[in-house]
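Data first, discussion second: the structure below is written as structure tokens.
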Amino acid sequence: CKEGLIAIVSVRVPEPQFEGQTKGKLGSSYVRPLVLKFFSENFNKYLEENPIEAKAIMAQILLAARGRDAAKRAKDLVKRKDSMSIGTLPGKLADCQSKDPEISEIYLVEGDSAGGSAKQGRDRVFQAILPLKGKILNVEKARLEKILKSDEIKNMITALGCGIGEEFDEEKLRYHKVIIMTDADVDGSHIQTLLMTFFFRFLKPIIEKGYLYLAQPPLYRYKKGKNEIYLKDEKALNDYLIENGITAIESTTMGQADLVDLFKLVAYYRMTLKEIEKRFALPEVLRYMIENPDIIGTNNKALAKTIEAYISELGYNILNKTVTDETIHLFVQTNDGLEELIVDEILFTNPHYNEAIHIHQKIKEHITDEFKDKDLLALFEEVESSAKKGAYIQRYKGLGEMNPEQLWETTMTPENRRLLQVTIGDDENASDTFVLFMGDEVEPRRNYIESHAKDVKHLDV
């Protein structure tokens, strides 16, 4: 069997002669042209009479030819005269001075802008920079010949120097830290996924050896006077603001450390409410339901009356309502216009809604009588205002917004940076996941998204 095609030839030969001691190959030379002539005539006739089978055979032959060509390209790509020679490396690569792979690291950076800052900010002794233009090819969908024609992929393969697939040679790997550095947004996450797909399919040993990492650039910079600090995400920012603004709250029953813990819960509660507000109307009504979970235990008619009464307290008018055993459906005229409120299983099973109930319960357990009748969200805004007074807070939209010094201090210096190591827990499950989310088949992906939509807690839209 070769290249997926099998031919069975039965020939009777008088006084056959065989080659070698094992006699595994016929040595009678006159047999070959006779068989070729007979096979050619009859095989051509078979192909003409069976066009469907003919197309399948030709497709297999074409696929095999492409595979051989792609394999040759892969070998040619990695067989360089000297893998450490500057002349053989990609033009965009800013290589490091060290030739010791154990201390050398390469940053695969999203875009030329961030790549320029990274090249200027790096430590040239052990840090190499390879900027990648746009989103690389999705290798899960592409044939090998197309993959090896991609300039970005060719640059990565050449820079790493270790070959791919069966040609992989760890001894030729030029860096023992391969760091993917992208923007902290949807496009950046997509590029990370595309790169991890490439490494999983063609450079899996790099993951298995623990050499692949994801850089974690900060989202925020806080500057007040001479004090400057970088914060990884919104939670880290909130925590810092609370710790520096808590003096705005006076309490006779809670110490400062307890107040900090309390308002960190309040900050998380507010973040959860914001997530609910993205998906459901009338957030003030939903907050009332979250903070009074006992009303949910009643039947829908009783719950509807309670909600209607609260809406009236807010000064809003209900223009239309439909109440069934499963759903409360209201059209409400608010100060901002007409809003549609639907209270049903979709709301009650939403993970943010249930998380908010859980966090609010924890807040109630932390507070003393002094704070029971106070609006903690309003108090949190006072804490925030105190910490923000005289301060400059910058949210980075991309790596390109940072100057070289900032990029070095926050994302590249070993003393301060945060790296996530990419690992493979279960090889088969990981492979199935890449097939599901990055493969050609749309239907399984759609089914998965639809069946797991209610479990999503963090959706960047």
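The values are calculated or read from the model by the stated rules, or taken from the named source; none is laboratory data. This is a predicted model, so every value here is computed, not measured. A quick note on method: Cβ atoms are made from the backbone with ideal geometry, for glycine too, and the neighbour counts reach across all protein chains shown.
Looking at (1) crowded, with 19+ Cβ neighbours inside 10 Å; (2) of a type in the set (A, V, I, L, M, F, W, C); (3) in a helix (DSSP H, G or I), find the lone condition where Val178 falls short.
If we test Val178 against (1) crowded, with 19+ Cβ neighbours inside 10 Å; (2) of a type in the set (A, V, I, L, M, F, W, C); (3) in a helix (DSSP H, G or I), just (3) comes out false.
Could you please give the count of residues in region 372-397 that are outside any loop (DSSP other than H, G, I, E, B) and in contact (Cβ under 8 Å) with a residue 24 or more places away in the chain?
Taking region 372-397 as the starting set, the residues that turn out to be outside any loop (DSSP other than H, G, I, E, B) are 376-388, 392-395.
Within this subset, residues satisfying the condition of being in contact (Cβ under 8 Å) with a residue 24 or more places away in the chain are 376-377, 379-380, 382-388, 392-395.
Residues flagged as outside any loop (DSSP other than H, G, I, E, B) and in contact (Cβ under 8 Å) with a residue 24 or more places away in the chain within region 372-397 amount to 15.
Is it the case that Ile206 is within 20 Å of Leu93 (Cβ to Cβ), part of a helix (DSSP H, G or I) and more than 18 Å from the chain's Cα centre (by Cα)? Explain how you work it out, then say what you get.
On the way: within 20 Å of Leu93 (Cβ to Cβ): yes; part of a helix (DSSP H, G or I): yes; more than 18 Å from the chain's Cα centre (by Cα): yes.
When the stated conditions are applied, Ile206 passes them.
Test of understanding: among Ala387, Ala391, which residue is touching an Asp or Glu at 6+ places or on another chain (Cβ under 9 Å), modelled with pLDDT of 90 or more and small (Gly, Ala, Ser)? Before you say what the answer is, go through the steps one by one.
Numbers: Ala391 fails: touching an Asp or Glu at 6+ places or on another chain (Cβ under 9 Å).
Result: Ala387 is the single residue among Ala387, Ala391 that is touching an Asp or Glu at 6+ places or on another chain (Cβ under 9 Å), modelled with pLDDT of 90 or more and small (Gly, Ala, Ser).
So which residues in region 229-254 are more than 17 Å from Leu377 (Cα to Cα), crowded, with 17+ Cβ neighbours inside 10 Å and more than 39 Å from the chain's Cα centre (by Cα), if there are any at all?
Of everything in region 229-254, just one residue is more than 17 Å from Leu377 (Cα to Cα), crowded, with 17+ Cβ neighbours inside 10 Å and more than 39 Å from the chain's Cα centre (by Cα), namely Met254.
Limited to region 120-166, what total is found for residues that are touching a residue at least 60 places away in the same chain (Cβ under 8 Å), surrounded by fewer than 20 Cβ atoms within 10 Å (Cβ to Cβ) and either outside the structural domain of Leu195 (by TED's automatic domain parsing) or part of a helix (DSSP H, G or I) (or both)?
Residues flagged as touching a residue at least 60 places away in the same chain (Cβ under 8 Å), surrounded by fewer than 20 Cβ atoms within 10 Å (Cβ to Cβ) and either outside the structural domain of Leu195 (by TED's automatic domain parsing) or part of a helix (DSSP H, G or I) (or both) within region 120-166 amount to 6.
Look at region 265-288 and say how many of its residues are touching a residue at least 12 places away in the same chain (Cβ under 8 Å) and in contact with a Pro (Cβ under 8 Å, 6 or more places away or on another chain).
Of the residues in that region, 2 qualify.
Restricted to region 265-314, and to residues that are closer than 27 Å to Lys235 by Cβ and of a type in the set (Lys, Arg), which residue is surrounded by the fewest Cβ atoms within 10 Å (Cβ to Cβ)?
Within region 265-314, the match that is surrounded by the fewest Cβ atoms within 10 Å (Cβ to Cβ) is Lys278.
Going by the conditions given, is Tyr269 under 31 Å from the mean Cα position of the chain (by Cα), outside any loop (DSSP other than H, G, I, E, B) and not aliphatic (A, V, I, L, M)? Before you say what the answer is, go through the steps one by one.
Values: under 31 Å from the mean Cα position of the chain (by Cα): yes; outside any loop (DSSP other than H, G, I, E, B): yes; not aliphatic (A, V, I, L, M): yes.
So Tyr269 fits the description; yes.
Considering region 210-220 alone, what residues qualify as being more than 30 Å from Glu102 (Cβ to Cβ) and modelled with pLDDT under 90? Spell out the reasoning first.
Step one: of region 210-220, the residues more than 30 Å from Glu102 (Cβ to Cβ) are 219-220.
Leu219 - this is the single residue of region 210-220 that is more than 30 Å from Glu102 (Cβ to Cβ) and modelled with pLDDT under 90.
Taking into account only those residues within region 48-67 that are assigned to a helix (DSSP H, G or I) and more than 15 Å from Leu5 (Cα to Cα), which is nearest to the chain's Cα centre (by Cα)? Spell out the reasoning first.
Of the residues in region 48-67, the ones assigned to a helix (DSSP H, G or I) are 48-49, 51-67.
With the extra rule that they be more than 15 Å from Leu5 (Cα to Cα), the set shrinks to 48-49, 51-52, 66.
On the way: Glu48: 50, Glu49: 51, Pro51: 45, Ile52: 42, Arg66: 31 Å.
Filtering first and then ranking leaves Arg66.
Asp169: surrounded by fewer than 18 Cβ atoms within 10 Å (Cβ to Cβ) and within 22 Å of Gly398 (Cα to Cα), yes or no? First the steps, then the outcome.
Values: surrounded by fewer than 18 Cβ atoms within 10 Å (Cβ to Cβ): yes; within 22 Å of Gly398 (Cα to Cα): no.
In short, no.
Just one of Ala74, Ala54 is modelled with pLDDT of 70 or more, of a type in the set (Gly, Ala, Ser) and in contact with a helix residue (DSSP H, G or I) (Cβ under 9 Å, 6 or more places away or on another chain); which is it?
It is Ala54.
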